[in-house]
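Undergrad: Quick one: structure below, then a few questions.
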Amino acid sequence: MAAVGIESPPVLEQLFRDISLKFNPTETENVVQSMKRNYGGKFNLLDNQDLLSCLQLLQKHGHVSDNKLTLIEQFVAPKSNKESQESIKETIESFKASRQAQVGPEKELQGRHDDIKKITRKLETGLGQTLVLNLFGSAGVGKTTLANEVCSNWRGKHFVFDLREAKDMRSIYLNIMNTLELSAPIGYVDLDYVVTRIHEKIHDQPLKSEGQSVLFLLDNVEQFTAGKGKEGKNLKTAFVQFLGRLSEFDGKDKKTALKLLFDIQDSIARCQKEKLLLSKVINNVNTHQKDKLIGISKGLPLLLKGFAAILRQERKSADDLITGVHKGEAVTLKKSKSEEDAKEKPFDFQEEGVDIGQLSAIREMFDTLPTDRLKMSAVSISLFCGPFSVSTAAKVLGISQSETLAQLEGLVTSAIIFVVNEEVKERMYDIHPLLRKYADSIKDDAKFLRDYMEAKGRFHEHFMSKMEKIAKLLEPDYVRAFHLFETDRANYEFTVDISLQPEYFSVPGEFHESALIASLFNAMLSEDKQIKLFHSWAEMCEDDGKSGSLCRAQLKCWEARQILDVGGTEKAFEVLKEASWSLDKVQDKSSESYRLSKGLYLYSEGEAYYKKQRLQEITGKLGVVVNIHRGTTKRSYGHCKVLQCYWELPLRPQQTNEST
């Protein structure tokens, strides 16, 4: 095969030569063949024994650079023998050290020391007085770096709260409480309770000397300060109210105070800066071509990055790319006219705020991916509704972590996905919402459907298993359970939606397992979602007189309890009748599962009677539940609540043994 002549920066070139010499012929062929399978294109022209050219091509196409060595460290190096792996690791570490020595002075916070001192002095103003300080500016100017530097130099105690994944005030409350290692009973996450607990925590902080303050850094709060739309304005109002309540902390007795620091991005400045920078990334094109591409993208950074990747990887020339986009526009117009009367449109570009040219550009980004592997992975990854790790993606894609890493890094270089944070220990990836929706719109294509459906099944299995583990934390540590659920809420809610489809539904296990999952949904999902979920699951259970009937009865009880708050007692009693019919069908009425299911039914019925203020019926129902629980060996969430409710009833029979 022909070799591909490529030039790399001198220092990086030496690193490539040093590494390539540490592979034997078999290992070299393994690496090169892997690159061909995953990246195709120009890699297919390489000789199987030419590892040096392979590494050079990785650099040329943007997979690798002097400060981007993930692919070499975690994909290439592990394919060598153990002895060589250690040697390669040392070589890379030596390269990084020399690189750091060269650019170290440039990476220092040049000219920022005065800013740090200025911010610190501002925060230290007023002994025992609370202060809220905001760092305002466009992305990339170093606000977060500056804020973290202020924290690291803070003389007192400091806490950093990353609110990137928070979607509402409840999420903020529990994120902060989890970081501060504060617990809370289920339901006690209102403003007053949370602020009180936080103030108590600050007051109890050990201080090295009198007058030291506690510093809170609230990072990534743009969604709570933008105030866009009615919902955005409500969020902003609630967030400002929360900050106001936090600032009421009184630490005069200890001469301490709470200092709040957060940063906000200037979105207009950010867009202008990215447009300017990204237009310069598109190299090897003349001014006319560059203007055409920027015009097609309307300056959207997502598309400019995509164009730059296509051109850098030589997937198309600038002229061919422009022609391809225009051809795609014509196809899109033709498709749109034929689908005007359709009930469902796979991708409504107007609703997404993009024009036909931009949609055609997105199609080019996907269609020009060099291998089917990358295309299939891109479509399957659209299942994720938030940041994901290599290990999680590997489980969903059904391939090794090594191959997953190679594919994810290939998609990063192709601007389909991006790395969320380069500095965290575990590398996390995400896909832009617009690209996710486009990938979702093509999943039914014959090329992708089978792989997508298999990935969907693995996705459901993985996140359902994680929810089962979180459910077990509800009683011992509700705040941690909520935090774990909230950090991946979108994926969990999507998993719940998937479970509504018959092919993914499976009858829950024993009563205690289903009760825990139901309790998790009760604590985390809205009433409407719970009603839909429990009803759909119940309808999919086979009323077989065995486990199917027990499961159906339990789900109908959970459905009735939610309907009670939304639709009233009469509708709840109608649903409970269905639960009763399923219980009557159960053949083995001596099993513990039956007795616990019957107890759940009576408890649910008691709640409905309570709504109607029929206390005599409640006493009888819950009295039976108490006796049922005496004979069981386990407890599940809500059962202790049954007993507590029973003891508080005014008409409870006095002869009952209250020591139970």
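Undergrad: Restricting attention to region 237-253, does a residue exist that is in contact with a helix residue (DSSP H, G or I) (Cβ under 9 Å, 6 or more places away or on another chain), open to solvent by 90 Å² or more (accessible area, probe 1.4 Å) and at pLDDT 75 or above?
TA: yes
Undergrad: Moving on to the next point. Counting only residues that are of a type in the set (A, V, I, L, M) and under 21 Å from residue 392 (Cα atoms), which one in region 464-473 is most open to solvent (accessible area, probe 1.4 Å)?
TA: Checked region 464-473; the qualifying residue most open to solvent (accessible area, probe 1.4 Å) is 464.
Undergrad: Taking only region 299-346 into account, find how many residues are touching a helix residue (DSSP H, G or I) at 6+ places or on another chain (Cβ under 7 Å) and at pLDDT below 85.
TA: Here the count works out to 8.
Okay, residues lined up against (1) over 16 Å from residue 312 (Cβ atoms); (2) in contact with a Pro (Cβ under 6 Å, 6 or more places away or on another chain); (3) among the aromatic types (Phe, Trp, Tyr); (4) at pLDDT below 95:
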| site | (1), (2), (3), (4) |
| --- | --- |
| 2 | yes, no, no, yes |
| 5 | yes, no, no, yes |
| 13 | yes, no, no, yes |
| 20 | yes, no, no, yes |
| 34 | yes, no, no, no |
| 42 | no, no, no, yes |
| 47 | yes, no, no, no |
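Undergrad: Confirm whether residue 96 is at pLDDT below 90, closer than 25 Å to residue 401 by Cα and either in contact with a Lys or Arg (Cβ under 9 Å, 6 or more places away or on another chain) or part of a helix (DSSP H, G or I) (or both).
TA: Yes; evaluated as a whole, the condition is true for this residue.
Undergrad: Still on this model: Could you list, in sequence order, the residues of region 575-590 that are loosely packed, with under 13 Cβ neighbours inside 10 Å and among the charged types (D, E, K, R)?
TA: 577, 584, 588, 589
A quick yes/no check of all residues on (1) outside any helix (DSSP H, G or I); (2) in contact with a Ser or Thr (Cβ under 8 Å, 6 or more places away or on another chain); (3) crowded, with 16+ Cβ neighbours inside 10 Å:
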| residue | (1), (2), (3) |
| --- | --- |
| 458 | no, no, yes |
| 475 | yes, no, yes |
| 481 | no, no, yes |
| 495 | no, no, yes |
| 503 | no, no, no |
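Undergrad: Here's a follow-up. Of the residues 383, 369, which is assigned to a loop (DSSP other than H, G, I, E, B), of a type in the set (A, V, I, L, M, F, W, C) and in contact with a Phe, Trp or Tyr (Cβ under 8 Å, 6 or more places away or on another chain)?
TA: 383
Undergrad: Return only the number of the condition from (1) modelled with pLDDT of 95 or more; (2) more than 16 Å from the chain's Cα centre (by Cα); (3) open to solvent by 50 Å² or more (accessible area, probe 1.4 Å) that residue 440 does not satisfy.
TA: The number of the failed condition is (1).
Undergrad: Tell me, yes or no, whether region 515-536 has at least one residue that is under 37 Å from the mean Cα position of the chain (by Cα), surrounded by fewer than 16 Cβ atoms within 10 Å (Cβ to Cβ) and farther than 26 Å from residue 475 by Cβ. Step through it out loud before you land on a result.
TA: Kept after step one, since they are under 37 Å from the mean Cα position of the chain (by Cα), are these residues of region 515-536: 515-536.
Then drop every residue that is not surrounded by fewer than 16 Cβ atoms within 10 Å (Cβ to Cβ), which leaves 526-529.
Subset that is farther than 26 Å from residue 475 by Cβ: none.
Within region 515-536, none of the residues are under 37 Å from the mean Cα position of the chain (by Cα), surrounded by fewer than 16 Cβ atoms within 10 Å (Cβ to Cβ) and farther than 26 Å from residue 475 by Cβ.
Undergrad: Something else about it: Report whether or not residue 543 is touching a residue at least 12 places away in the same chain (Cβ under 8 Å) and farther than 30 Å from residue 171 by Cβ.
TA: Yes; evaluated as a whole, the condition is true for this residue.
Undergrad: Restricting to region 408-437, give me the number of residues that are open to solvent by 10 Å² or more (accessible area, probe 1.4 Å), among the polar types (S, T, N, Q) and under 27 Å from residue 43 (Cα atoms). Even if it seems obvious, please write down each step before you answer.
TA: Filtering region 408-437 for residues open to solvent by 10 Å² or more (accessible area, probe 1.4 Å) gives 412-413, 415, 418-428, 430, 432-434, 436-437.
Still in the list and also among the polar types (S, T, N, Q): 413, 421.
Now restrict to residues that are under 27 Å from residue 43 (Cα atoms): 413.
Summing the residues that are open to solvent by 10 Å² or more (accessible area, probe 1.4 Å), among the polar types (S, T, N, Q) and under 27 Å from residue 43 (Cα atoms) in region 408-437 gives 1.
Undergrad: From the list 89, 82, which one is modelled with pLDDT under 95, over 34 Å from the mean Cα position of the chain (by Cα) and of a type in the set (D, E, K, R)?
TA: 82
The values are calculated or read from the model by the stated rules, or taken from the named source; none is laboratory data. Predicted model, so just to flag it, every value in this text is computed and none were measured. Backbone-built Cβ (ideal geometry, glycine too); neighbour counts: all protein chains shown. Surface areas here come from the heavy atoms of the whole protein model, side chains and all, with no ligands, DNA or RNA. Shrake-Rupley method; radii C 1.70, N 1.55, O 1.52, S 1.80 Å.
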